[in-house]
1. Any idea how many residues of region 1-34 are in a loop (DSSP other than H, G, I, E, B) and not acidic (D, E)?
2. Looking at F114, F123, can you tell me which residue is among the hydrophobic types (A, V, I, L, M, F, W, C), within 15 Å of V46 (Cβ to Cβ) and surrounded by fewer than 16 Cβ atoms within 10 Å (Cβ to Cβ)?
3. How about region 51-129: which strands (runs of 3 or more DSSP E) wholly inside it have at least 2 residues that are more than 12 Å from the ligand (Cβ to nearest atom), touching a residue at least 12 places away in the same chain (Cβ under 8 Å) and under 13 Å from the mean Cα position of the chain (by Cα)?
4. Among the residues in region 135-147, are any touching a helix residue (DSSP H, G or I) at 6+ places or on another chain (Cβ under 6 Å), at pLDDT 95 or above and more than 20 Å from K24 (Cα to Cα)?
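The values are calculated or read from the model by the stated rules, or taken from the named source; none is laboratory data. Here the structure is a predicted model, which is why all the values come from computation and not from measurement. Ideal geometry is used to build each Cβ from the backbone, glycine not excepted, and the neighbour counts take in all protein chains shown.
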Amino acid sequence: MNQSLFKEICSTFPTGVTIITSKKDNIDYGFTANSFTSVSLSPLLVLFCLDKNAKSNEALNKNEFFIVNVLSKTQEKVCFQFANSELSPKERFENISTKISKKGIKIISNSCSFIECKIKEKFDGGDHYIYIGECINGEINDEIKDPLIYHRGKML
Ligand SMILES: Cc1cc2nc3c(=O)[nH]c(=O)nc-3n(C[C@H](O)[C@H](O)[C@H](O)COP(=O)(O)O)c2cc1C
């Protein structure tokens, strides 16, 4: 199968959209990810996949922390700001309202929910790394009901 058919078939599977935020040497990192999924209940594990060339790899080492911010329908612009590889880590957070987590990572305001995790494992996954995180805390924003959904290259 060729790459474009593979991508098109994968795009027929609707997903939510997250921004994975992290921090290293006082620099905040963030990127848009739809590869997030829950993995295990005991222990509480999640995973996401990240391109091996992505800047956020700098900040994602074993025992460091990251936040999974689950985006709401109102956050399409935020989604594309954090998917823009021409923006520096600092520029991605411009005009974005945030608060700080227990472990010092930026949480993106107006998201549906967030989970804070500690990195347990990093596996090779072709041109991506597969990161496994253990969840340590999180919160649901009850005021926000509608998630951002990605399907066939469009936001729903
Ligand atoms: C809806 C959507 C989902 C994405 N999901 C992922 C993902 O799961 N993993 C990934 O590596 N890149 C994903 N990307 C692309 C990254 O957000 C984008 O390449 C980002 O610029 C990576 O950061 P970098 O500039 O540090 O490489 C996604 C982009 C969009 C618009």
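1. Matching residues across region 1-34 total 8.
2. Within the list F114, F123, the selection yields F123.
3. 65-70, 106-108, 113-125
4. Yes - at least one qualifying residue is present in region 135-147.
Per-residue answers, yes or no, for (1) within 15 Å of the ligand (Cβ to nearest atom); (2) without any contact (Cβ under 8 Å) to a residue 60 or more places away in the chain; (3) touching a Lys or Arg at 6+ places or on another chain (Cβ under 7 Å):
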| position | (1), (2), (3) |
| --- | --- |
| L5 | no, yes, no |
| I9 | no, yes, no |
| T12 | yes, no, yes |
| G16 | yes, no, no |
| K23 | yes, no, no |
| T32 | yes, yes, no |
| F36 | yes, yes, no |
| L47 | yes, no, no |
